[in-house]
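Okay, structure first, notes after.
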Amino acid sequence: MLLQLVANHPDALVPILRNTPIWVWGLLAALLALGISQLRERTASLARVSLLPLVMTILSVSGTFSALGATPHRALSMSAWLLAAALAFALFARGRNAAKYDPTRGLYRLPGSSVPCC
């Protein structure tokens, strides 16, 4: 939609950029820095490696509950969510397992990559 707007009304781009809140630019910079950091090999603790999946799981379950409320579809949707999560875990667990755990230091060695997964 934004691409169509810019293609059909290029004069609208300047007001969009001018009226974008400052925090959005900070978020963009942080996400770019995080993405660039993924390109090089690094180490991370179990807590750091587990934080994002844990937060995303909580947000996903919370979103499902808030969207469906007390409807009878909630149980079916949660079952479908659990099935999809199990399937995704099974598929990604079989993928390229390049992360190595060092039990003496308690750290994971994560290789750098420009590919998000597998």
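Every number here is computed from the coordinates shown, using simple stated rules; none is lab data. What you are looking at is a predicted structure, and each value in this text was computed from that prediction instead of being measured. Methodologically, a virtual Cβ is constructed for each residue, glycine included, from the backbone with ideal geometry; neighbour enumeration extends over all protein chains shown.
Decide, for the chain, between rounded, prolate and oblate: order the square roots of the alpha carbon gyration tensor eigenvalues as a ≥ b ≥ c, take rounded if a/c falls under 1.5, and otherwise choose prolate if a/b is larger than b/c, else oblate.
It comes out oblate by the Cα gyration axes.
Taking 0.36 nm per residue of separation and subtracting the Cα-Cα distance, what length does fully extending Ser37 through Leu13 add?
The Ser37-Leu13 span can extend by a further 5.7 nm.
If each of Leu27 and Ala47 carries a label point 7 Å out from its Cα toward its Cβ, how far apart are those two points in nm?
Rounded to a tenth, the inter-label distance reads 2.6 nm.
Zone of Ala75 (label point 7 Å along Cα→Cβ, backbone N under 20 Å): which residues in region 45-61?
Within reach of a label on Ala75, which here means backbone N under 20 Å from a point 7 Å along Cα→Cβ, region 45-61 contributes 61.
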